[in-house]
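The values are calculated or read from the model by the stated rules, or taken from the named source; none is laboratory data. The model shown is predicted, which means the values in this text are computed figures rather than measured ones. With ideal geometry, Cβ positions are generated from the backbone for all residues, glycine too; neighbour counts draw on all protein chains shown. These area figures cover heavy atoms from the full protein model, side chains too; ligands, DNA and RNA do not enter into them. Shrake-Rupley method; radii C 1.70, N 1.55, O 1.52, S 1.80 Å.
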Amino acid sequence: MLRKVTCIFNAEFLTSSVQATLRQAHSSSVRPQPVPPLLQTLQRYLTALEPLLPPEELEHTRGIVQKFGCPGGLGENLQRELIKRAKHSHNWISDWWVQWAYLECRQPLAVHSNPAISLPKRDFTDWRGQLVFASKLIAGVLDFKAQVDSGRLGVEYMRGQPLCMELFPQLFSSCRIPGPKHDHVIHYGRPRRGPAHITVVRNYQFFQLDVYNSDGTPLTESQIHAQLLRIRSQSWKTDKQPMGILTSEHRHTWGQAYTRLLRDKINKESVRLIEKSIFTLCLDSPVMRISDEKYSSRMAAQILHGGGTFSNSGNRWFDKTLQFVVGEDGSWGLLYEHATAEGPPIATLLDHVLDYCKKPDRMRAPLIPLPMPKKLYFYINSEIKWDLEMAKQNLDIASVWRRCCLRRNLNFQRFGKDFVKLLKLSPNSFIQVAIQLAYYRVIFDQSLMGQGIDRHLLGLKLQAIEEGLSVPRIFMDTAYGLATHWKLRTGQVPANTDSVMCFGPLVPDGYAVCYNPQQDHVHFSITAFNCCEETNAEKLALTLERSLHDLQELFQPTV
């Protein structure tokens with residue numbers, strides 16, 4: 001669990017220059033990302049390949065690796081350039097990683113990239129409770145943003161070391177923009193002059209909701225609630241053209257449609273307002289009732305992709321960095337775009353919102369009339385209509401959401417992180433071993449210390465490309481393709497609540513496992529694609545449960 005340290009300054013009285021100085025001081029206290037030793041990475045790479053390759057192929061690859069890493073060889077030269085790059089950057093891999101892992105990926109964001117977090121169900125079952133809670137949620141997020149903007153947010157620590165806080169301001173007023181070959185991220189937020197509105201979407205209709213008064217103070221919960229009631233009164237019927245579904249397309253297809261969409265002035269203004277908004281609130285319609293046993297899995301999937309064109313997928317703008325989802329049945333959660341946001345800042349944001357929601361609303365609403373929330377309109381010509389029809393077909397017939405199987409979330413109740421700590425072991429490492437045991441393979445994960453072999457090898461490859469060299473033979477080897485075919489995608493997102501994060505596998509024949517360790521239990525979400533006969537999320541969940549039991553017996557055998 002990340003530990004917070006309270007800032008001793010009252011940031012409301014700090015000038016912007018002092019705040020900048022504080023941020024710079026914190027940034028300098030964070031250790032730069034190291035470049036691992038070349039021979040260490042190459043040896044670990046060969047070790048990782050041992051269970052994957054037959055002896056003759058492994059020997060062939062060993063020869064390629066040794067030649068690459070020999071003194072005076074290509075690997076040594078590329079390593080030298082990486083070290084130079086690291087001296088002029090706090091994190092030498094960060095920009096490359098965002099570009100390669102996210103912005104150049106052309107798969108749809110829904111399921112393939114965007115993670116979703118499902119939070120414990122709230123105690124309301126109709127639209128009235130939905131809007132009351134949504135008002136509280138908006139106020140809580142704005143309160144968190146105020147802490148980020150003013151410098152009052154406490155520094156995050158892990159294992160006694162300060163974590164980089166640069167991602168927190170990027171969470172707000174950010175959006176991914178589609179392109180023909182690769183995407184880019186645009187950030188509109190500035191502490192004092194950034195956008196003052198959020199986007200609210202209901203029944204596939206988008207609204208601009210200003211969330212600050214003319215004097216710069218945020219709207220109170222009652223003011224926000226009144227505005228949400230106005231939005232509801234303007235969105236009784238479901239829009240026939242679910243514009244948000246365009247963002248669920250393959251990135252190349254969406255990039256072309258995006259260009260056509262923005263040719264019209266009205267469309268361009270509406271899209272820009274969505275992109276600039278602080279965040280998006282999705283007010284979802286009720287979904288089909290299901291058993292309590294399957295509820296958490298179903299709700300996580302709803303937040304992840306919206307359920308299709310006949311459900312709430314039109315209530316999403318998948319490019320938006322932050323999308324909070326609130327359903328009429330009490331379900332709620334968060335969907336975020338991964339190029340800008342990472343798990344730890346998101347967990348901190350949600351912890352703050354949850355704490356805020358426990359507090360009563362003591363702010364009286366000013367007796368000032370508020371402007372009507374602005375509905376965003378779109379002009380749909382024959383080209384855009386065709387784009388929409390194709391997007392709907394891809395989503396409902398051949399799209400990832402029908403193939404993605406979130407069979408069930410595993411809530412492992414036998415023990416949690418407290419038991420593992422009593423063994424003087426790392427809960428994260430313990431759970432990783434259990435996942436690997438369940439999957440019958442070995443995965444080396446040392447990324448937290450900046451020693452991950454995949455990032456280092458990628459950096460060497462990209463360094464060669466940047467220098468205009470041919471791709472080194474080590475990266476053209478069949479073994480490298482096999483080693484980077486990530487069949488098991490895992491992630492730990494610790495939070496102070498029983499939240500469940502889910503995302504899709506990286507490859508068609510893979511799994512995705514996300515976990516949230518609590519004191520006496522652990523939440524898991526496990527996904528696999530139905531189209532692959534080799535994978536079965538339910539089977540992996542049962543095997544993982546048995547693996548955790550076996551590990552417990554290994555360290556604490558019954559008498």
**Q.** Amide hydrogen neighbours beyond the local backbone of Q205, cut-off 5 Å, H modeled
**A.** D239
Q.
Over 25 Å between Cα atoms: which of K145/K374; K461/K539; K237/K359; K276/K358; K145/K417; K276/K374 fall into that group?
A. K461/K539; K237/K359; K276/K358; K145/K417
Q) Where in the stretch 477-559 are there GluC sites (Glu not before Pro) that are in a DSSP coil and have at most 11 other Cβ atoms within 10 angstrom of their Cβ? A) E533, E534
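Accessible area, 1.4 Å probe, largest first: how do S113, S222 sort?
Working: S113 15, S222 55 Å².
Descending accessible area places them as S222, S113.
For the stretch 73-197, state the average projected area of the convex hull of the C-alpha atoms over all orientations, rounded to one decimal in nm².
Numbers: hull surface 51.6 nm².
Orientation-averaged projected area of the Cα hull: 12.9 nm².
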Q. Size of the dipole of the stretch 108-401 about the Cα centre, Lys and Arg at +1 and Asp and Glu at -1 on the beta carbon, nothing else charged, in debye to 20?
A. 600 debye
Q) Whole-Hz Karplus ³J(HN,Hα) for the stretch 235-245, in order, using 6.51 cos²θ - 1.76 cosθ + 1.60 and θ = phi - 60°, x for Gly and Pro? A) 9, 5, 9, 6, 5, 6, 10, x, 4, x, 5
Q) With charges only on Cβ, +1 for K and R and -1 for D and E, what is the dipole size of the stretch 407-555 about its Cα centre, in debye, rounded to 20? A) 140 debye
(Q) Output wanted: per-residue J couplings in Hz (rounded whole) for the stretch 508-515, from phi through Karplus 6.51 cos²θ - 1.76 cosθ + 1.60, θ = phi - 60°, x for Gly and Pro. (A) x, 9, x, 10, 10, 10, 10, 9
Q: Using amide H atoms built 1.01 Å from N in the peptide plane, name the residues 5+ places from N530, or on other chains, whose amide H lies under 5 Å from its own.
A: C404, C405
Q.
For R202, what accessible surface area do you get with a 1.4 Å probe? Give it in Å², rounded to 10.
A. 20 Å²
Q. So, in nm, how far is label R152 from label I177 when the simple model puts each one 7 Å beyond its Cα toward the Cβ?
A. 3.3 nm
Q: Please turn the phi angles of the stretch 462-477 into ³J(HN,Hα) values with the Karplus equation 6.51 cos²θ - 1.76 cosθ + 1.60 (θ = phi - 60°), one per residue in order, whole Hz, x for glycine and proline.
A: 5, 5, 5, 5, 5, 7, x, 8, 5, 4, x, 4, 4, 8, 9, 5
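Report, to the nearest whole %, how much of the accessible area of the stretch 407-555 belongs to carbon and sulfur atoms, 1.4 Å probe, protein only.
Numbers: 3630 of 6860 Å².
Answer for the stretch 407-555 is 53 percent, counting heavy atoms of protein chains only.
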**Q.** DSSP beta bridges in the chain [antiparallel fraction, %, rounded to 5]
**A.** 75 percent
Q: Could you work out the relative contact order of the chain, using alpha carbon pairs under 8 angstrom and six or more residues apart, expressed as a whole percent?
A: 20 percent
Q: Let me know the charge dipole size of the chain about its Cα centre in debye, to the nearest 20, where only the beta-carbon of Lys, Arg (+1) and Asp, Glu (-1) is charged.
A: 1160 debye
Q) Of all accessible surface on the stretch 307-382 at a 1.4 Å probe, what whole percent is carbon and sulfur? A) 59 percent
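Please give the calculated 222 nm ellipticity per residue for the chain, where each DSSP H segment of at least 4 residues contributes -39500 (n - 2.57) and the sum is spread over every residue; nearest 500 deg cm²/dmol? It would help to have the intermediate numbers written out before the result.
On the way: 20 runs with 233 residues, N = 559.
So the helix-based figure for the chain works out to -13000 deg cm²/dmol.
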Q. Using the heavy atoms of the protein chains alone and a 1.4 angstrom probe, what is the accessible area of the stretch 407-555 per residue in square angstrom?
A. 46 Å²
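Give a quick list of chymotrypsin sites (Phe, Trp or Tyr not before Pro) in the stretch 188-238 that DSSP marks as loop, anything other than H, G, I, E or B, with at most 16 other Cβ atoms within 10 Å. Intermediate results must be reported in sequence, preceding the final value.
Details: sites: Y188, Y204, F206, F207, Y212, W236; in loops: Y188, Y204, W236.
When the chymotrypsin sites (Phe, Trp or Tyr not before Pro) of the stretch 188-238 are filtered for loop state and at most 16 Cβ neighbours within 10 Å, Y188, W236 remain.
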Q. Where does the charge balance sit around A339 when Lys and Arg score +1, Asp and Glu -1, over other residues with C-beta under 13 Å from its C-beta?
A. -3
Q.
What number comes out for accessible area per residue over the stretch 108-401 if the probe is 1.4 Å? Units Å², please.
A. 42 Å²
Q: Could you order K181, K375 by accessible surface area, starting with the largest, using a probe radius of 1.4 Å?
A: K181, K375
Q. Among P373, S248, S311, which residue has its Cα positioned farthest towards the positive end of the charge dipole of the chain, with +1 placed on the Cβ of Lys and Arg, -1 on the Cβ of Asp and Glu, and the dipole taken about the Cα centre?
A. P373
Q.
Using +1 at the C-beta of Lys and Arg and -1 at the C-beta of Asp and Glu, which of A391, L49, S547 has the Cα lying farthest in the positive direction of the dipole of the chain?
A. A391
